[in-house]
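Since the structure comes first, as structure tokens, the remarks are kept for the end.
None of the figures in this text is laboratory data; all of them are computed from the coordinates on show. Quick caveat, the model's predicted, so the values are computed rather than measured.
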Amino acid sequence: MSILELNPWALLVSLSTVLVSFAFALGPSAAKLIEGMIMIAVRRPFDLGDRISIVNCTGAPDNSGDPGYHDTWIVEDINLFTTTLRMSRSNEMSTVNNGSIANTRIVNHGRSQNALVNISLPMKIDATADQVQVVETVLEQHVRDNPRVWASLVSFRITNVDPAKGLIEYKARVQHVKSWQDLTPILQARGNLDKFCSEILMKLDIHYDGSATDQDVYIKELPDQQQFFGEAAPFPDETLPSDAPQFDYGQDE
């Protein structure tokens, strides 16, 4: 450096500035790349042929239905940098960077054994305890009669009560013998079971059809005139029905 009459410190400062700039520019990308490689090499959340769902960890959980009814993907190809996925619903092919899905919640339906499906049972609110017990017993017997399809009835409980609509809703959770990897047979079995439960409710005449029931309201005793209306009348006498009681709204002497 002295022979060439160059200042080494000026060169080092220039190089450090360039290196810092590259570090800020490439740092996030390099971190994502390393995260994706670690996910595939160490975590190994899926294999070729697995059915998966990709869920944002920061979003609110979706409880609107069973997990197997949302968009699912079939893993077609894997390498350290990218993963090729095929949407099972439409057969579309997509390629994603492994780093972009490293921080998401990856649901592997192929490794989720014995899928649980939920059956909604809307009933009239005046359904008796004996009728509800009949529904549960017949459902349990149906599960036992189909051991190649259903494993067991896991739960049977109330999930919603709406007196204004005359509705009481039960939910049955039934365990299938297959995993969510075999989505189509599970959906077919769930549809058949849903139809079977609806037929039971209609035979017992407790199936809720969506119409509100009339609720009769009885007034045991009318309140005191002054307490009810105050100093002024809310409406003139001629607006009252002909059979309604008449009140004198004048001031007390």
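Given the C-alpha centroids of region 171-186 and region 116-145, what is the distance between them in whole angstrom?
Each part's Cα centre sits 18 Å from the other's.
In whole Hz, what ³J(HN,Hα) sequence does region 142-153 give by Karplus (6.51, -1.76, 1.60; θ = phi - 60°), x for Gly and Pro?
5, 5, 5, 6, 10, x, 7, 10, 10, 8, 6, 8
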